[in-house]
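Computed from the coordinates by the stated procedures, all read-outs in this text should not be read as laboratory data. Not measured: the values here are computed from a predicted model. Methodologically, a virtual Cβ is constructed for each residue, glycine included, from the backbone with ideal geometry; neighbour enumeration extends over all protein chains shown.
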């Protein structure tokens, strides 16, 4: 797609304030990559080119087809009469039929959705400098009539290594915000005062995201560990809190920082499946891979079947005996997660006994004091053997 | 409480309504950002369906909004605003039939102390003026606050 086509399209857009785009994404390229091994780069190129050629024959010359990371974005001609949803449905159906009839594309899975670009404009406005000024002046105006609101305490970030037992490497760090409040160290979402409500939690998550993105940019390197940024489920659960967070992500992280994952925290294990799917879906819209805090003893994995979580993080109980007594249940839990394509990490491992008990129960990843000490900044991926003679 | 949303009808007269209100949005961290996001999201969702246009101006403590569209849709949204806990001391300044819409799309503008040249158009000053001046002021704000405004799609055939 040449620049001339893009600029011609931009001219046609003049005067429009929003447009419905069709976004097509391949869902299982990773599976195919494993299957094709060394031949994958050639096969991937062939898939993209074949699909591009197929789609371009089914859109109008005035539409704009763009390649995206794992798929395509179609920007329709602003004057097209067919509604966006119908267009998206038609293209998806055509492509799926095409996949079925083509040998090497048979197992390719596709998601298609219509996305409204005006909403992106809304997001941008929420992160603008002008909005920041308006927010400050609003606070000043309310200060005359309201009792002073509880401020958000200062915090700093710690980076906790998540060790993968199979490879013996640390390639992922989860971010833990830390603050000292009234002389007591507080971690994670204990930091925002409870009186601040969901808005305060959202603001805290925004500030953590901004700090994490800055730290990631400052330590960017091809071999840097992926970073799991914590976000409370309440921030993603309602539109009014999710929109500012998404705006913040778009402004500070999207396309600017590589290797970020969202780590959904605090999600009630008995939440309805539809709520879980919606919240994780919002997180997945921002980062390709997501983590989710879970309680291995009370979680119902069937409720997470459509959540497409990559790694569940489960805090180890202080009492190792509990893990040993419930080893069979934990093995079943881990096997169930693996069947649905997820893995589990055992966090808060205070001793090597936790790591050993977790390994016996089928956990794939480990974190905690006994694995490695907390870091002040993101690290490059490194080899680690917490069970060996030079453990932490 | 369930609200039945009206459907714009072809022969409904174009209506214009302007109100001013005091903002009750709390001052705690994140509260303003969350509530404005909520207003933007519901405006994006509803205004297109109700074929409403206009501008919502906020200046720290006061809101002023111009709504234009089919009469029943304008009054439906006004009823929602009256029930909205983010507003108090709501005063309707203009409620009349309009020959043509003054604004072709919907925007939100934040008037801050940095916009000194527009300070005479802030909601608390504008609401004491005659109708024609209020309307002219709101149109000026929607045009000049482009940096701060959030344009939405014009309604079909608006």
- Query: Rounded to the nearest 500, what is the protein assembly as shown's calculated 222 nm mean residue ellipticity when only DSSP H runs of at least 4 contribute -39500 (n - 2.57) each, over all residues?
  - Reply: -12000 deg cm²/dmol
- Counting only Cα, what are the radius of gyration and maximum Cα-Cα distance Dmax of the stretch A:156-383, in Å? 16.8, 48
- Message: Below 8 Å, C-alpha to C-alpha, sequence gap of six or more: please give me the relative contact order for chain A in percent.
- Response: 14 percent
- For the stretch A:248-392, go through all pairs of different Cα atoms, get the mean of 1/r, take its inverse, and jot down that Kirkwood value in Å. 16.3 Å
- Note on the structure: Rounded to whole angstrom, the alpha-carbon centroid of the stretch A:168-191 lies from that of the stretch A:301-351 at a distance of 21 Å
- Message: Quick check on packing: order B:58-65, A:169-176, A:208-215 by the mean number of other C-beta atoms within 10 Å, highest mean leading.
- Response: B:58-65, A:169-176, A:208-215
- Using a basic spin-label model with each label point 7 Å from the Cα along Cα→Cβ, how many nm lie between residue B:99 and residue A:103? 7.3 nm
- Out of all DSSP beta bridges with both ends in the protein assembly as shown, state the antiparallel percent to the nearest 5. 65 percent
- Counting only C-alpha contacts under 8 Å and six or more residues apart, can you give the relative contact order of the stretch A:68-205 as a whole percent? 13 percent
- Query: Measuring from label point to label point, each 7 Å out along Cα→Cβ, what is the residue A:194 to residue A:42 span in nm?
  - Reply: 6.3 nm
- Task: Subtracting the Cα-Cα distance from 0.36 nm times the residue separation, let me have the gained length for residue A:360 to residue A:146 in nm, one decimal.
- Result: 71.5 nm
- Per-residue mean of C-beta atoms belonging to partner chains within 10 Å, peptide A:125-133: 6
- Item | Gyration tensor verdict on the stretch A:224-315 (Cα atoms; rounded if a/c is under 1.5, prolate if a/b is larger than b/c, oblate otherwise) | oblate
- One would report the antiparallel percent of DSSP beta bridges in the stretch A:144-298, rounded to the nearest 5, as 50 percent
- Item | Packing-based exposure ordering (other Cβ within 10 Å, fewest first) of A:162, A:59 | A:59, A:162
- Query: Over all residues in A:245-251, what is the mean tally of Cβ atoms on other chains that come within 10 Å of each residue's Cβ?
  - Reply: 1
- Assuming a ≥ b ≥ c are the square roots of the Cα gyration tensor eigenvalues, decide whether the stretch A:87-211 counts as rounded (a/c under 1.5), prolate (otherwise, with a/b larger than b/c) or oblate. oblate
- Message: Counting other beta carbons within 10 Å of each residue's own, what order do B:74, A:231, A:275 fall into, fewest first?
- Response: A:275, B:74, A:231
- Mean Cβ neighbour count within 10 Å, used as a protection proxy, ranking A:343-353, B:97-107, A:319-329 highest first: A:343-353, B:97-107, A:319-329
- For the stretch B:106-127 and the stretch B:45-75, compute the distance between their C-alpha centroids and round to whole Å. 17 Å
- The alpha-carbon center of the stretch A:38-67 and that of the stretch A:89-114 are separated, in whole Å, by 12 Å
- Message: Taking the number of other C-beta atoms within 10 Å as the exposure measure, put A:36, B:19 in order starting with the fewest.
- Response: A:36, B:19
- Quickly work out the residue B:86-to-residue A:52 label distance, labels modelled 7 Å from Cα along the C-beta direction, and quote it in nm with one decimal. 4.3 nm
- Message: Using only the alpha carbons of the protein assembly as shown, what is the convex hull's orientation-averaged projected area in square nanometres?
- Response: 29.6 nm²
- Computed FRET efficiency, Cβ-Cβ of residue B:129 and residue A:239, R0 35 Å: what is it to the nearest 0.05? 0.50
